Amino acid sequence: MEWLYILMPIAGVKIFWPGLIILGIGVGVIGGFFGMGGAWMVTPGLNILGFPMAFAIGTDIAHMAGKSLISTMRHGKFGNVDYKLGFIMLFGTIAGFEVGAQMIMWLERIGKVDMVVRWIYLGLLAFITWMVFTDIARRKAKDNAAIAAGKEVDKNATGLEWHKALHKIKIPPMVHLNVAGIYCSAWLPIAVSFFTGWLAGILGIGGGLIRMPSLIYLVGCPTHVAVGTDLFEVAISGLYGAASYTYKGRTELVAAIIMLIGAAMGAQVGAVATKYIKGYGIRYVFGLAVIGCGISILLKLMGVYVPSIAEVCDIIATYLILGLVSGMALYITVKMVQGAKQEIAMKKARA
Amino acid sequence: MNAKIKALFATVLTFVLMAPAMAFAAGGGGAPIVMVADTRKLSGIMAWWANLYNESHLYFTILTIILIPLIGVIFGVLADIIMHFIGIDLKSRDLAEH
């Protein structure tokens, strides 16, 4: 079975290459569906495959850039990408990320920063979870009220409507974002992207997990446009990140390419699945993903406070994430296959 | 409500303007670690690749930045061809919900 292992030329370790492809497919499907890079899922996966941590982040970002690019192209064809919004947000994201990264170095010099970062991350995930499920519950209540009143359910109704209040701020220049169907101050997406970029820089993550819900709840994008536009951001910032990490010698390109083979195809499946799943369906599964991510961080924190259970907590967290990745990827793929079957059957019936 | 949002926006804007100064005052940090690939067990393209890494991170980076999007697009297009062959409409999306 030696042929199932490949020697990584830079890291110098032998890796089970089918594992890389499977991991790539899983995070590709999820990334294409939710519009995020998924670093929080890839790193423990690479770790389990025996990958040195020094190369994990760079390798993850390199494969993420490639898969996000192909997902953006697919979402673009579906009309899910607001390129104007993406370009406006790019400036804020990069500036915010750099400031966040510099700030974390400053905090490191002051003292114990790891714990603070993890608690901030956990608090943020709890807030996102609350936001997503409150939104879903309020939307459901609106739907029920409409049904009870004998009215037609409004497809464009939303639960949380913070974006409507933010759109009332008319600080020039004002911009029309046609794909997203928004007219707002250009400072709104700039401020939101700076804030999400800054958080991503401080937390050491790509930012899709924060940016996607921010696009929905603060900027006011429809779910599908939020997914597509976020992927556009991930593709550009991913390429920048890949160049930066590779120049520092922290990318194992052979592993990134092997993962990319699975991820590029998986990302297409995830992106096409958004054709068949309603906006609120995407929000619901996203909320579950955030809960999984939160639990895994909580387990890591428990290990820090009670060192005797640290190893067990680490193992549970790793398997929880991998289980979550497999479960969600499978769910999205099944939904995509069911939707495609229905579409093909309808086409045949029409012909 | 409107006044509160304006005040919040002004606070965020002030922070956005102040944050870079605070961050840059902190300056950079972290000791650079030099990593060298062991090419003794490698042959062919893998050896060439590892040598390129050892000799020039710049060329290695340029090649990475070319290869990653290229491979992504190749396999993505391959998936497209398969899905198109199956009969999935890859040009439009009927669902238009928030």
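Rounded, prolate or oblate: which fits region A:62-103, taking a ≥ b ≥ c as square roots of the Cα gyration tensor eigenvalues, rounded meaning a/c under 1.5, else prolate when a/b beats b/c? Here region A:62-103 falls in the oblate category. Working from label points 7 Å from Cα in the Cα-to-Cβ sense, the A:A310 to A:E152 distance is 6.1 nm. Taking other residues whose beta carbon is less than 13 angstrom from the beta carbon of B:A37, and scoring Lys, Arg as +1 and Asp, Glu as -1, yields 0. Have a look at A:A11, A:L125, A:C221 and report the one farthest towards the positive end of the charge dipole of region A:2-350, computed about the Cα centre with Cβ charges (Lys/Arg +1, Asp/Glu -1). Farthest towards the positive end: A:C221. When each of A:H63, A:H75 is scored by the number of other beta-carbon atoms lying within 10 Å, the sequence from fewest to most is A:H75, A:H63.
In straight-distance terms, cross-link reach from A:K275 covers every one of the aspartates and glutamates whose alpha-carbon lies under 13 Å from its own, apart from those fewer than eight places away in the same chain; here that gives A:E343, B:D89, B:D94, B:E97.
Taking θ as phi - 60° and the Karplus parameters 6.51, -1.76 and 1.60, the scalar couplings of region A:148-153 work out to 4, 7, x, 9, 7, 5 Hz in sequence order, x denoting glycine and proline.
Here A:K248 is the anchor, and the aspartates and glutamates within straight C-alpha reach of less than 18 Å, apart from those fewer than 8 places off in the same chain, are A:D60, A:E98, B:D38, B:E55. Taking chain A as a Gaussian network of alpha-carbon nodes connected by springs under 10 Å, the highest mean-square fluctuation of the residues A:A146, A:A340, A:A226 belongs to A:A146. Potential lengthening of the chain between A:Y83 and A:I48 amounts to 8.9 nm, from the contour at 0.36 nm per residue minus the alpha-carbon distance. Highest mobility in the GNM of chain A, judged by mean-square fluctuation with C-alpha springs under 10 Å and restricted to A:T93, A:T196, A:T246, is found for A:T246. Cα gyration tensor of the protein assembly as shown, axes a ≥ b ≥ c as square roots of the eigenvalues: rounded (a/c below 1.5), prolate (a/b > b/c) or oblate? Oblate, since a/c reaches 1.5 and b/c is not below a/b. Taking every alpha-carbon pair in region A:114-252 and binning the separations at 5 Å intervals from zero gives 2, 9, 14, 18, 17, 16, 10, 7, 4, 2, 1, 0, 0 percent. Assign one of three labels to region A:186-311, namely rounded, prolate or oblate, based on the Cα gyration tensor with a ≥ b ≥ c the square roots of its eigenvalues; rounded applies when a/c is under 1.5, prolate when it is not and a/b is larger than b/c, and oblate otherwise. Verdict is rounded for region A:186-311. Candidate cross-link partners of A:K300 among the aspartates and glutamates, defined by an alpha-carbon separation under 16 Å and a same-chain spacing of 8 or more, comprise A:D114, A:E311, A:D314. Close amide H partners of A:M174, meaning residues 5 or more places away or on another chain with modelled amide H under 5 Å apart, are A:A186. Taking the fewest neighbouring Cβ atoms within 10 Å as the starting point, the ordered list for A:T134, A:T72 is A:T134, A:T72.
Treating r as the C-beta distance of B:V73 and B:M35 and R0 as 22 Å, the FRET efficiency rounds to 0.15.
Computed from the coordinates by the stated procedures, all read-outs in this text should not be read as laboratory data. The structure presented is a predicted model; accordingly, all values stated were derived computationally and were not measured. Backbone-built Cβ (ideal geometry, glycine too); neighbour counts: all protein chains shown.
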